[in-house]
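What follows is calculated from the coordinates using simple rules that are stated; it is not laboratory data. Here the structure is a predicted model, which means the values were calculated and not measured. Positions of Cβ are backbone-derived with ideal geometry, glycine not excepted, and every protein chain shown enters the neighbour counts.
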Amino acid sequence: MTIWDALGRLLSEDFKPKYLFRPERAADDLQAGRFSAGEKFAYFFLWLTMIYGQTLFRHWLYSGPEPRSDYPTIAILIQDWVGGMIILAGYLLAFVANQRGDGKDFIERSVILSIPVWFNTGLLYFPIILFIVILEETLKMSMTWTNVAVHVTACLVVSRRLRFAMKLASESPGSENN
């Protein structure tokens, strides 16, 4: 079996897109033990692909064939550092939520739950970012700080939703969802 065959099998048989739209469903199925090892690896592979893809996209955006040299360095730093700190804080809060629950499988849960949380947030914020870019190009004006604000807000939403999903995944069966 080649690596391409394995990848095709992984994405066709083990990846369940139903979780992309419902992080709560993923949390419930994680708690109930309904994820196979193949499904867990498919989500891990997708998580790695998202992180690597984002890095490549940002590199292309700021140093590609037509780099965004008009984008102020301070805005990039704020967007990256503040967004990164919010995401780190979100993972720490998710860890605390997991510890208050059953305290099991944090890494596995955080990777699997990150995919639907990021996907849902991306579906919400992608049209907003696209609108900002179109507006910038149409009006020939810079909306850099609006873009930074949207990015930071998206990071806050991801952090909050990840913590909530982790709380659901780590609750004892039959306990209340508070």
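Annotations
- Treating r as the C-beta distance of I107 and L77 and R0 as 35 Å, the FRET efficiency rounds to 0.75.
- Ranked list, fewest to most other Cβ atoms within 10 Å of each Cβ, for S114, S36: S36, S114
- Cα gyration tensor, segment 23-170 - rounded (a/c under 1.5), prolate or oblate: prolate
- For segment 47-55, 3J(HN,Hα) per residue [Karplus equation, 6.51 cos²θ - 1.76 cosθ + 1.60, θ = phi - 60°, Hz, x = Gly/Pro]: 4, 4, 4, 4, 5, 5, x, 5, 4
- Integer Hz, Karplus 6.51/-1.76/1.60 couplings in order for segment 29-35, x for Gly and Pro: 5, 5, 4, 7, x, 8, 9
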